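Input: a single structure, listed below in structure tokens.
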Amino acid sequence: DYVAFYASVPGLTSTPAMEKLAEEAQAIRSDPSYIAKETAAGFFLGESHEDYGRAAQAASEFFLVGDIRDIYTAGTKLAGNQSLTEPESFTAALSAVSLAVAAASIGPQATAGAAAKGGIAVLKVANRARKLSAGFIRELSAAAKPAVLKTLAGPLAEIADFARKYGIAPALEVLARTPRLEDAPRAIRSALSLGEDMPGLLKFGGPDVF
């Protein structure tokens, strides 16, 4: 991906060594067994190096598989007298909220609940991919309660909608540049202003691309 982006910049050309490296990587990434492994790892384990694996992880979050998995993992660790890291505690808290939102999303509020759950799913993927700042995690951990998150339903819905339209990878990069959840709509507008080059610029443009 980086070699392709580098070669697309006017005035720059990839070297034979870069092209050889890209071909070797592509040979591995196009292997059916590798694709199957990364997809399964994303869906069942919540860990993947590939965008499609992270998309599978997001799907598992939306269908509660990821929430149950993460709560079970945290509970098992605590039962063994092991402490949770801040990101692990954040993931467990979001999982509990996500399950509560899913349980409450019945009847007239179903659409809003689904949108909020979609946003929570993207946040969990971003957290595992280490795209969220420590300040973002701390602030949202304090707000990780169903009643409080209702007030943040708007930003959560916008995050979910952006990920659905443009893919999980650009959504993670936008969140990496978002200091607080309530700033997400503004960050999304900044990303959209980048135009058709948005995915590459977000991935390789550095923290100050906006």
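Structural remarks
- Most mobile listed residue (Val174, Val97, Val122) in the chain, GNM with C-alpha springs under 10 Å: Val97
- In sequence order, segment 193-210 has phi-based couplings of 5, 6, x, 5, 8, 3, x, x, 5, 5, 6, 10, x, x, x, 9, 4, 6 Hz under the Karplus curve 6.51 cos²θ - 1.76 cosθ + 1.60, θ = phi - 60°, and Gly or Pro positions carry x.
- Rounded if a/c under 1.5, otherwise prolate or oblate - the chain, Cα gyration tensor axes: prolate
- Extending 7 Å from the Cα toward the beta-carbon at both Gln82 and Ala4 defines two label points whose distance is 3.7 nm.
- Ranking Lys117, Lys77, Lys37 by solvent-accessible area of protein heavy atoms (1.4 Å probe, all protein chains present), from largest to smallest, gives Lys37, Lys77, Lys117.
- Applying a threshold of 32 Å to the alpha-carbon distances of Lys20/Lys117; Lys77/Lys117; Lys20/Lys131; Lys20/Lys203 flags Lys20/Lys117 as lying beyond it.
- Counting only DSSP H runs of at least 4 residues, each contributing -39500 (n - 2.57), and dividing by the residue count of the chain, the helix-based mean residue ellipticity at 222 nm comes to -21500 deg cm²/dmol.
- With all protein chains modelled, accessible area of Glu23 [1.4 Å, Å²]: 120 Å²
- Accessible surface for Ser193 stands near 90 Å², nearest 10, in the context of the full protein assembly shown (1.4 Å probe).
- Where a label projected 7 Å from the Cα of Met18 along Cα→Cβ would reach, residues of segment 164-207 with amide N under 20 Å: 197-207
- Lys131 accessible area, 1.4 Å probe, all protein chains in place, Å² to nearest 10: 50 Å²
- Taking the chain as a Gaussian network of alpha-carbon nodes connected by springs under 10 Å, the highest mean-square fluctuation of the residues Leu12, Leu181, Leu192 belongs to Leu12.
The values are calculated or read from the model by the stated rules, or taken from the named source; none is laboratory data. Please read all numbers here as calculations on a predicted model, not as lab measurements. So basically every Cβ, Gly included, is an ideal-geometry build from the backbone, and we count neighbours across all protein chains shown. The area values use the complete protein model at the heavy-atom level, side chains included, leaving out ligands, DNA and RNA. Shrake-Rupley method; radii C 1.70, N 1.55, O 1.52, S 1.80 Å.
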